Structure formats: structure tokens, C-alpha cells
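Only the coordinates and a few stated rules stand behind these numbers; no lab work does. Keep in mind it's a predicted model, so treat the numbers as computed, not measured. Methodologically, a virtual Cβ is constructed for each residue, glycine included, from the backbone with ideal geometry; neighbour enumeration extends over all protein chains shown.
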């Protein structure tokens, strides 16, 4: 299966973060988008609320100018984070009064978030979901040995 460079890099970064326990939904540098963007939090200025899919003024400017962050538009980044947080059991956008899971680092919930994000990334690129039952992620002991099989 032919995938884009941005998809391959994003999946690899998320996979490594998941296995190294550095995927944390409530941290802008360690969430799905934070990991895709190399542990930076500059993306959080694209929206007024973590987990929102609404671009703020800064986000709309970047979107209008066609700006890409590691290959993804501001709107795509917000969708990625929104899907990740919802799949991890959070009520979005994040707010201290909103419901959230008792254990935000539960591996099953993080895996659900990872799978949902990868499915969305595949949709963005117009390809079949690499995480479907027909496609298997195999790995040896080290996460850098990720192999996508079709």
C-alpha cells in the first residue's frame, strides 16, 4: 500500500509515543498532535480551546495562507486532536468542569485514541485504514522497527 510521507511519519511518531509511554492526552506537547509536531505546543494557538475543531483568528490566518505543520493544515490538526481526545474518553473541548476518564493514561483508551487518529490520517490521504483487520502492525522489540503490511 502506498502511503504519503506525512502519514508514515505521523504513524511512526504516534506508535513510538504509545510504546514509550509519552502519549498523554492532556499535554499539548505529548498529545496526538504534540507528538506529530515533534513535541511542540505552538499548534495550541490555532484554537482557543484544546480539543475544539474551531479555528481562532490565528488559525484561520494560517489556514487561509495554506500553512502546513509537518504536512497537516491547521484544520486537520484540530480534527486530529478532537478525534484523539474523544476516543480517549474526554468530553471536548477540554475544560476542568467537563468529564474526563479517571485514568487518562489507560493503555486501552490510549490505543483506542491511536487507532481513531490513524483512521482519520488515512482518510485525509484517501487511503484504506492501515489499522484495519486486514492490515497488521508487526513490530519487534524496538518501536523503530515498525512495518506496515497490506
query: Looking at the chain from every direction and averaging, what is the projected area of its Cα convex hull in nm²?
result: 8.7 nm²
message: Pairs of alpha-carbon atoms within less than 8 angstrom and 6+ residues apart define the contacts here; what relative contact order does segment 1-80 have, in percent?
response: 21 percent
message: At a threshold of 8 angstrom on Cα-Cα distance, excluding pairs fewer than six apart, so keeping six or more, what relative contact order does the chain reach in percent?
response: 21 percent
message: Take residue 38 and residue 123, extend 7 Å from each Cα along the Cα→Cβ direction, and tell me the distance between the two endpoints in nm.
response: 2.9 nm
- prompt: Could the peptides 44-53, 23-32 be put in order, highest first, of the mean number of other beta-carbon atoms found within 10 Å of their residues?
  reply: 23-32, 44-53
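Need the full-extension length gain, residue 96 to residue 19, defined as separation in residues times 0.36 nm minus the C-alpha distance. One decimal, nm.
Taking residue 96 through residue 19 to full extension adds about 24.9 nm, to one decimal.
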